[in-house]
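Before any comments, here is the structure.
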């Protein structure tokens, strides 16, 4: 990849946002991280609605890290809309959640999630997970044609 990857982090919990951003910094992953704190904001960003219409300022992400349990429009609905949109469906979506529920995992994969990761409890475990995400999805994975 010739430019740093753009990653859209969709997460409503401030502590989890900070933890994720700290882990990316600690892992020294040179990526452009965008944060959407609601499902509605994520959809607006992805579809270029309103304040997100300028694609130079708000480029489509190369990867989406998506929490499931959010008030209002939840992660399942975001995933459904992303995978149902011709211009977005090839963007890899990694579910990054604290939910270990088998039903959540099944629904996520049925809706087209590319991966399902349960957030580790410790920062060290979370840092390892973020490094693995960066190594595989950003460095090794060959991006699909858009």
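Tabulated data
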| read-out | value |
| --- | --- |
| Region 6-140 - percent relative contact order, Cα under 8 Å, separation 6 or more | 26 |
| Residue 32-residue 3 pseudo-label distance in nm [points 7 Å out on the Cα-to-Cβ vector] | 0.4 |
| Largest-first ellipsoid semi-axes for region 88-146, taking √(5λ) over the Cα gyration tensor eigenvalues, angstrom | 21, 18, 6 |
| Reference-scaled alpha-carbon Rg (2.2 N^0.38 Å with N residues) for the chain | 0.97 |
| Relative contact order (%) - criterion: Cα under 8 Å, at least six apart; region: region 36-104 | 34 |
| Potential extension, residue 87-residue 49 segment - 0.36 nm per residue separation minus Cα distance | 12.3 nm |
| Long-range Cα-Cα pairs in region 47-117 (distance over 19 Å), rounded percent | 34 |
| Segment residue 69-residue 13, length gained on full extension (0.36 nm per residue, minus Cα span) | 19.2 nm |
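Bear in mind these aren't lab numbers, they're just calculated from the coordinates by the rules spelled out. For clarity, every value in this text was computed on a predicted model and none was experimentally measured. All Cβ positions, even for glycine, are placed from backbone atoms using ideal geometry, and neighbour counts span all protein chains on display.
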